[in-house]
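The values are calculated or read from the model by the stated rules, or taken from the named source; none is laboratory data. Remember, predicted model here, so these are calculated numbers, not experimental data. Here Cβ is always computed from backbone atoms with ideal geometry, including for glycine, and neighbour counts include all displayed protein chains.
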Amino acid sequence: MKAPMITEARESLSIVIVGHDDSGKSTMVGRLLHETGSLPDGRYESIRDTCAQRGVPIEWALLTDECGRDRDQDTTSDNAHFGIHSQKRGYDLIDAPGEHEVVSKMMTGVANADAALLLIDAADGVGEETRRYGYLLHMLGIDQVIVLINKIDQIGHDRARNAAIETEYRAYLTDLGMVPLCVIPVSAQEGDNLVAQSALTPWYDGPILVDALDQFEPATLATELPLRLPVHDVRKHDDREIIAGRIEAGFLRPDDKVLFSPSNKTAHIATLEASRSDASLEAQAGDWVDLTLDVPLSVERGEIISRLDDPPIESDVVRAKVFWVAAADLRVGDRFGFALNTSEATVTVQSIESVIDPISLNTGAGERVSQNDVAEVVLRADRMLALDSYVDCRGTGRFALMRDDQIAGGGTLSMEGYPDQRALVSVKATNITAVGDAVGAEERTRRNRHRGGVLWFTGLSGAGKSTIAQAVDKALFARGYQVYVLDGDNVRGGLNANLGFSPEDRAENIRRVGEAAALFADAGMLVVTAFISPYRADRDRARAAAERLTGAHSFVEVFIDADLATCESRDPKGLYRRARAGEISDFTGISAPYEPPDAPDLVVDTADQSIDACVETIVGHVDRHFAIQP
């Protein structure tokens, strides 16, 4: 029975259709287009007559097929969009590719969807690809899913077979933490349970598909999210510089003050032209826009336009969940092109946190990621990136890894455990004029008989940083050095008393310590700092601050090395025990990351060396590199 076409809808939802290559996705879409009256006039009749002339049943997939290459290859090579309507609202159906070679394109389709239809071939049952697609939905945050057991006619409408497939796949989704809205036995070819209840499945008493669609809840509208406009192109026209791009989230109006990230430049929108004819006063998510600014700025492709009060994150290190599709394994230390929105960068795989088999859902540590596996990794970029966590904004929170101009993997971004570095790299002070020192560095060196510098101790809690720092302080002072220790005890009580222990506050704590230590070193002193300082970027900034004031080789990164088991066995303050019990959040090494130095200037291993031996190593280094002999 053909349902009447509904020409108006109160709302619209985007639904991706996934399943393996022969599960019947295109047939499903074609049948729904016909049954809901959503086809252009004459389209159905044309295909019906063509099939009749060939003496074959109507091929519903041809109703969706506008590409001869796809029709010849009997496959869908790219995401295709189709509109249908129910009595309640409109739907944008995204027919995603099913072959594993085009998983990257499928990921784009899933990422743009509010909900999903997942097809299982009733004859084949629950296979590896079906599990993999379910995991991909879970990974990309699609928690509204209808499962369709398709081709129920090909198994004779067998109730027991249908129940076995439903039980097996529900169990898999449950392990993922997903609950399907419903599981419907259907035949896309015959129309069973699509827009009318089938008499051939009297044992099924759930909703038909068109009614089940209306049970989906609308997601948060992209227009209600903070403004995100990745710059796609910058071109000159007459004497104007026109910036073009597609709004991923939020809205934009003429005269709005905007921020460009990661450059942190600001301007007002002077003119705004959008792809919609009625968008002269406001452009919104989904619109392509051309805009000009009230002041000339050097803007590049890849920057993100936002409002000043709700900008994207800036960071050169990200946590990511990657779906790996390349034949060659992903390994720590591999370098890739990193495609993020319209920007490109180079990233290095810093660590592989875990590897997940999407079929068995087994999770474990690993040194490599094989094809079709999922991994949680940490990526370090060669420059600052502007981005969002995927849970906050899908449009600016997904990426692709490129190898030899081919997509090797893709996934979603998370900043869990890592700070937003925007405040750490932003410069707000203006009208600053440097004043020269009355006493020069050479005079201080001659007086002290040593150069100024920073000994930066880093390592896990319990590694022995403070113990060694105090011992080094005492030993150097006895040898005539002007030396002072900075640690949490004398910094957190005053200079940084207003900071907590969030990733951002911890990073700001280290930024201030780094700047203070640089000033001590500039005054000719040796400064010993004892801080976990878990992030490499923070330690690099501390080095840059010291060397900016006191020259090269004035900063010594000392890795106080001890493995986690050793540190946890010491646990003098019971912090590890409390962290394991969940009483302390964001505890380094347990629930927050620690990035060990990749090339420290000095390493002392407190698990194998005595305190005296560690102190002797450090003092010897100072004597060789900082002391000025008479």
Flag for His20 being modelled with pLDDT of 55 or more, crowded, with 20+ Cβ neighbours inside 10 Å and within 26 Å of Ile247 (Cβ to Cβ): no
field: Every pair of residues 6+ apart whose Cβ atoms lie under 6 Å, when the first sits in the stretch 468-492 and is surrounded by 19 or more Cβ atoms within 10 Å (Cβ to Cβ) while the second is of a type in the set (Phe, Trp, Tyr)
entry: Ala469/Phe457; Val483/Phe477
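Return the only residue of Tyr418, Tyr481 being part of a loop (DSSP other than H, G, I, E, B) and over 22 Å from the mean Cα position of the chain (by Cα). I'd like the intermediate steps shown before the answer.
Details: Tyr418 fails: over 22 Å from the mean Cα position of the chain (by Cα).
The unique qualifying residue is Tyr481.
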field: All positions within the stretch 299-324 that are over 24 Å from Glu376 (Cβ atoms) and either among the hydrophobic types (A, V, I, L, M, F, W, C) or in contact with an Asp or Glu (Cβ under 8 Å, 6 or more places away or on another chain) (or both)
entry: Val299, Arg301, Gly302, Ile304, Ile305, Arg307, Leu308
query: Using beta carbons and a limit of 7 Å, which pairs, at least six apart or on different chains, have the first residue in the stretch 39-62 and in the same structural domain as Tyr91 (by TED's automatic domain parsing) and the second one among the charged types (D, E, K, R) and assigned to a helix (DSSP H, G or I)?
result: Ile58/Arg48; Trp60/Arg31
- prompt: What helices (runs of 4 or more DSSP H), lying completely within the stretch 513-630, carry at least 2 residues that are over 21 Å from Leu424 (Cα atoms)?
  reply: 564-570, 575-580, 611-625
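Here is a yes/no grid of residues against (1) more than 18 Å from His34 (Cβ to Cβ); (2) more than 36 Å from the chain's Cα centre (by Cα); (3) in a helix (DSSP H, G or I); (4) hydroxyl-bearing (Ser, Thr, Tyr):
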residue	(1), (2), (3), (4)
Val179	yes, no, no, no
Ala196	no, yes, no, no
Thr201	yes, yes, no, yes
Val210	no, no, yes, no
Phe216	yes, no, no, no
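Condition first: among the hydrophobic types (A, V, I, L, M, F, W, C) and closer than 14 Å to Ile84 by Cβ. Now tell me which residues in the stretch 31-54 satisfy that. Give the steps one after another, and end with the answer.
Restricting attention to the stretch 31-54, the residues satisfying the condition of being among the hydrophobic types (A, V, I, L, M, F, W, C) are 32-33, 39, 47, 51-52.
Passing the criteria: Leu32, Leu33, Leu39.
Restricting attention to the stretch 110-167, report how many residues are touching a residue at least 40 places away in the same chain (Cβ under 8 Å) and assigned to a helix (DSSP H, G or I).
The first filter runs over the stretch 110-167 and keeps only residues touching a residue at least 40 places away in the same chain (Cβ under 8 Å), leaving 110-122, 124-142, 144, 146, 148, 150-153, 157, 159, 162, 165.
Those left that are additionally assigned to a helix (DSSP H, G or I): 110-111, 128-139, 152-153, 159, 162, 165.
Selection size over the stretch 110-167: 19.
Mind checking which residues of the stretch 397-415 are assigned to a strand (DSSP E or B) and touching a Pro at 6+ places or on another chain (Cβ under 9 Å)?
none
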field: Matching residues, the stretch 230-253, being free of Cβ contacts under 8 Å to residues at least 40 places away in the same chain and buried (at least 17 other Cβ atoms within 10 Å of the Cβ)
entry: Phe251
query: Just for strands (runs of 3 or more DSSP E) wholly inside the stretch 315-389: which have at least 1 residues that are farther than 22 Å from Asp540 by Cβ, free of Cβ contacts under 8 Å to residues at least 60 places away in the same chain and outside the structural domain of Leu140 (by TED's automatic domain parsing)?
result: 343-356, 374-387
- line: Taking the stretch 472-511 and keeping residues within 30 Å of Asp612 (Cα to Cα) and among the aliphatic types (A, V, I, L, M) leaves Val472, Ala475, Leu476, Ala478, Val483, Val485, Leu486, Val491, Ile510
field: Condition check for Glu190: among the acidic types (Asp, Glu), in contact with a Gly (Cβ under 8 Å, 6 or more places away or on another chain) and in contact (Cβ under 8 Å) with a residue 24 or more places away in the chain
entry: no
query: Out of all the residues in the stretch 259-273, which are polar (S, T, N, Q) and assigned to a strand (DSSP E or B)?
result: Ser261, Thr266, Thr271
statement: Selection from the stretch 47-79 of residues within 18 Å of Val29 (Cα to Cα), modelled with pLDDT of 80 or more and not in a helix (DSSP H, G or I) yields Pro57, Ile58, Glu59
query: Quick one: in the stretch 441-478, which of the residues that are among the aliphatic types (A, V, I, L, M) and assigned to a loop (DSSP other than H, G, I, E, B) is nearest to Gln629 (Cα to Cα)?
result: Ala463
message: Residues to consider are Val295, Val289; find the one that is over 25 Å from Arg536 (Cα atoms), β-branched (Val, Ile, Thr) and touching a Gly at 6+ places or on another chain (Cβ under 7 Å).
response: Val289
message: Among (1) farther than 17 Å from Val558 by Cα; (2) touching a strand residue (DSSP E or B) at 6+ places or on another chain (Cβ under 6 Å), there is one condition Thr529 misses while meeting the rest; what is its number?
response: (1)
- line: Considering the stretch 332-352, residues that are of a type in the set (D, E, K, R) and surrounded by fewer than 16 Cβ atoms within 10 Å (Cβ to Cβ), and then whichever is nearest to Arg403 (Cα to Cα), we arrive at Arg335
query: Quick one: is Val210 of a type in the set (Val, Ile, Thr) and modelled with pLDDT under 95?
result: yes
task: May I ask you to verify whether Val183 is farther than 23 Å from Cys393 by Cβ, hydrophobic (A, V, I, L, M, F, W, C), assigned by TED's automatic domain parsing to the domain that holds Pro57 and not in a loop (DSSP other than H, G, I, E, B)?
output: yes
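Any chance the stretch 561-574 includes a residue that's in contact with a His (Cβ under 9 Å, 6 or more places away or on another chain) and surrounded by 15 or more Cβ atoms within 10 Å (Cβ to Cβ)?
Checked against the condition, which is being in contact with a His (Cβ under 9 Å, 6 or more places away or on another chain) and surrounded by 15 or more Cβ atoms within 10 Å (Cβ to Cβ), the stretch 561-574 yields no hits at all.
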